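Read through the structure below, which is laid out as structure tokens, and then see the notes.
Read-outs: derived from the displayed coordinates by stated rules, not from any lab. Because the structure is predicted, anything quoted here is derived from the model rather than measured. Note that we place each Cβ from the backbone using ideal geometry, even for glycine, and neighbour counts take in every protein chain shown.
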Amino acid sequence: MISGDNLQRIIDAMSDGVYITDGNGITLTVNKAYERITGIPRQALTGLHMSEVVQRGYISRSVTLEVLKEQGPVTLTQTIGEDHQILVSGTPMFDREGRIEYVLTTVRDVTELLQAKRAEEQLEQILHVREHYSGEQEHEPFIISRATQQCYDLAKRVAPTGAKILIQGETGTGKTLLARTIHEYSSVAKGPFIELNCAAMPESLLEAELFGYVPGAFTGASQKGKTGLLEAANNGTLFLDEIGDLPLSLQAKLLKVIAENRFIPVGGTQFKRTNFRLISATHHDLHQLVAQQRFREDLLYRLRVVPLELPPLRERAEEIEALLEHYLHHFNCKYEFDCRWQREVIERLQRYAWPGNIRELINLTERLVVTAEQSLITIAQLPTELGVNESYGRPGLSLKDQVERLEQRLIEQAMAMYGTTRQAATALGIDQSTLVKKQKRWLSQRSSH
């Protein structure tokens, strides 16, 4: 037999954490590695029942209690503190009568492993993008998921041609970024990229901006005149964002420019020639605007030689984590902070519908960074108007899925409040075995993802 002191010396020599309880779930001892991994001293745990360890907030759930209930080995993950994750394996040791005499639990810190895995996945995603779209870029890097891959593949194929492209998608989905990408892979990549938001100014100023004007063309005009964007975009790309908001009178003039590659500046009498690659974008349904006589049908077909559709961010869930990490790093550098995401925050934001798309994600990230009181950004800091603390009710989910999400949330709350599956099940009015089976299924689903 090994004496108690010698046993402690042996387990203290192990690199993995060790936690030992008796057959009733009372803590007998832990080793030094467990203290190091969890930050919890042996003295604080010795003599405590495992349900008390959970209730005091030392760990999120107890593998020992699961072993005692299952009468067999159990492996699960625990959360220590706010975001520290450990892999815990509990093994029962039986006496001669077949009763559990001890439960031996081994603990391994997987926080860094999980972070490294996520970083590796993100790196692979970015490298995948660079492999498809190599080349130097001065603007923000873009991240592509399966949902946007087809769109970018088509953009790459048509970029070297002079075909006119119409990009359609909700506000904030990255239409300008896609337009810049097309320009960079086009035959006029060395020329200028000129951008104009057609919804940003009144009609009179919009015409002067596009066509330019001659000296003294109107009251307040510069005595030197002004070069219009049609001329500035010569041998380059003209990107007309929100083309659906272009006034009808200017639509007719733009159609003539497209047909003839020439225009007359405001107040002028002589044509100027221009040759540019035209890319347009809108969040409107232009066919609907045509039906409402707010957009010229002949112009629509001129602009829409190659239509590209950018899906909303809610349909591009694979991109959300990488985008959050990218813009968190961006704002950390900008404001000289060292914020990081709590894992649960990322998971909740992946379930959010993002009506403002990527633009909303960028603004939210900056807001959370500049208002953070500590480096770890937690669920508690998310603004209530996002509604992300409600994981059910997400558009597109079936009734069955929404009910399951609500059920999972209620069980998580009960476990946090009562600490043990038995007490949580009693409070919820269900059998303990039912609760445990549901937890195992959800854990299995998360592991498979």
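Assuming charge only on the beta carbon of Lys and Arg (+1) and of Asp and Glu (-1), the dipole of the stretch 162-209 about its Cα centre is about 280 debye to the nearest 20. Each Lys and Arg contributes +1 and each Asp and Glu -1, all at the Cβ; summed about the Cα centre of the stretch 288-343, the dipole is approximately 300 debye. Label zone of residue 249 (point 7 Å out along Cα→Cβ, amide N under 15 Å): in the stretch 262-297 this covers 266-268. Modelled spin-label separation between residue 56 and residue 187, with each label point placed 7 Å from Cα along the Cα-to-Cβ direction: 7.6 nm.
For the peptides 185-197, 330-342, the ranking by packing is 185-197, 330-342, with the highest mean count of neighbouring Cβ atoms within 10 Å listed first. For the set 175/400; 156/253; 190/226; 32/438, the pairs lying more than 28 angstrom apart at their alpha carbons are 175/400; 156/253; 32/438.
Label-to-label distance, residue 402 versus residue 44, with points set 7 angstrom from Cα along the beta-carbon direction: 4.2 nm.
Its relative contact order, with pairs defined as Cα atoms under 8 Å and 6+ residues apart, puts the stretch 199-326 at 24 percent. The listed peptides 282-291, 19-28, ordered by packing as a protection proxy, come out as 19-28, 282-291 (highest mean of other Cβ atoms within 10 Å first). With an a/c value of 1.5 or above and a/b not larger than b/c for the gyration tensor axes a ≥ b ≥ c computed over the alpha-carbon atoms, the stretch 1-98 is described as oblate.
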